[in-house]
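The values are calculated or read from the model by the stated rules, or taken from the named source; none is laboratory data. Please read all numbers here as calculations on a predicted model, not as lab measurements. Reconstructed Cβ throughout: ideal geometry from the backbone, glycine too, with neighbour counts over all protein chains shown. We work out accessible area using only protein heavy atoms, side chains counted, and drop any ligands, DNA or RNA first. Shrake-Rupley method; radii C 1.70, N 1.55, O 1.52, S 1.80 Å.
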Amino acid sequence: MTVTSTHSASSPEDGPKSGNMRSLSRAMELYAELQRAERPQRLSDLARACGMSLPTTLRILRVLQDFGMVSQTDKSYRIGPAVLPAARSYLENDPLVVAARPILQQVASQTGLTASLYTRLGFERILVARVDGDSPLRYDLPLGKRLPLTVGAAGKILLASVSEEELQQVVSAAIAAGHEDSTFTADELRARLPEPGVDYAYSADERATGVLSVAVAVPNRGGRPSESIALTSPVEAASEGGLNAGVPELRRAAGRLSELLEGSVY
């Protein structure tokens, strides 16, 4: 988003304010890169991934360390302990998470499948709540993990109604984040999405081998949906037909969640 200043070009406040916002933006970008990382990152790797100079990257990391948001071991950096109080506050107080828990529990109980809620964050999605089904999944997916929108039913359904321009932005972001190969195109992504008029997405062996998933978007009266609810199962415990049979229950769950959130920021 482009912000036009209301001050004149000669205003002495423009420079410092603009510089402060740019520094904050760079710090958030660096922090997001650490969140994506599966292991501690070296200074040079972080600088390269974020397109920053080594001195700038080091300066930002030191500020984040002062606030406990980043920790350092030898020459590597990782997310610090200050993230835990923030995560606790989000999980205990966020209207989306609080409203979704009993709904996910009911869906998981009625279908016997693992029910999950995802929310879109920029050009990625994040798992914010999950209730396990009768058959445990064969992989660990912790709450808060950044995931691509380009694979998996829960991500693809959030792209079903986006414009071609935004679809290209999603592709570029997925490549930059390492979620997709450099040759990935918008046409390939469009081919993965549901057909026009279909309100659910299905995936098999896309993000994790041996896993089937189906998802619907949570209606958003204020615009395009930014949350989705998914049913997931190991391949040996379900079939495409079995998962698709749960779509009506997913629709009802998504509708109930939307009604509960009406009037909130969601």
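Brief remarks on what is shown
- Of all residue pairs spaced 6 or more apart or on separate chains, those with beta-carbon atoms under 6 Å, a first member in region 157-183 that is within 16 Å of ARG207 (Cβ to Cβ) and a second member that is of a type in the set (Asp, Glu) are ALA174/GLU180.
- Reported count of residues in region 83-96, each being hydrophobic (A, V, I, L, M, F, W, C) and open to solvent by less than 40 Å² (accessible area, probe 1.4 Å), is 1.
- Looking across region 217-266 at every residue that is touching a residue at least 24 places away in the same chain (Cβ under 8 Å) and of a type in the set (Lys, Arg), the one that is nearest to ALA100 (Cα to Cα) is identified as ARG256.
- When ARG26, ARG22 are checked against the criterion of being modelled with pLDDT of 90 or more and open to solvent by 90 Å² or more (accessible area, probe 1.4 Å), a single residue qualifies: ARG26.
- Members of region 32-73 that are within 14 Å of ALA177 (Cα to Cα), assigned to a loop (DSSP other than H, G, I, E, B) and among the aliphatic types (A, V, I, L, M): ALA37
Condition check ((1) touching a helix residue (DSSP H, G or I) at 6+ places or on another chain (Cβ under 7 Å); (2) surrounded by 15 or more Cβ atoms within 10 Å (Cβ to Cβ)) across all residues:
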{"residue": "TYR31", "(1), (2)": "yes, yes"}
{"residue": "ARG36", "(1), (2)": "no, yes"}
{"residue": "PRO40", "(1), (2)": "no, yes"}
{"residue": "LEU43", "(1), (2)": "yes, yes"}
{"residue": "LEU46", "(1), (2)": "yes, yes"}
{"residue": "LEU64", "(1), (2)": "yes, yes"}
{"residue": "ASP74", "(1), (2)": "no, no"}
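- Residues located in region 103-120, provided they are assigned to a loop (DSSP other than H, G, I, E, B) and more than 17 Å from ALA201 (Cβ to Cβ): GLY112
- Of all residues making up region 219-240, the number that are of a type outside the set (S, T, N, Q) and at pLDDT 90 or above: 6
- ARG146 falls short on exactly one of the conditions (1) modelled with pLDDT of 95 or more; (2) in contact with an Asp or Glu (Cβ under 6 Å, 6 or more places away or on another chain); (3) not aliphatic (A, V, I, L, M), and that condition is (1).
- Within region 121-163, restricting attention to residues that are basic (Lys, Arg) and not in a helix (DSSP H, G or I), the residue that is nearest to HIS179 (Cα to Cα) is ARG146.
- Any pair with Cβ under 8 angstrom, 6 or more apart, that starts in region 55-78 at a residue that is under 16 Å from ASP45 (Cα atoms) and in contact (Cβ under 8 Å) with a residue 12 or more places away in the chain and ends at one that is assigned to a strand (DSSP E or B) and open to solvent by 90 Å² or more (accessible area, probe 1.4 Å): VAL70/ARG78; LYS75/ARG42; SER76/ARG42; TYR77/ARG42
- Taken over region 98-146, the criterion of being open to solvent by less than 50 Å² (accessible area, probe 1.4 Å), within 21 Å of ALA238 (Cβ to Cβ) and not aliphatic (A, V, I, L, M) is satisfied by THR111, GLY112, THR114, SER116, TYR118, GLY133, SER135.
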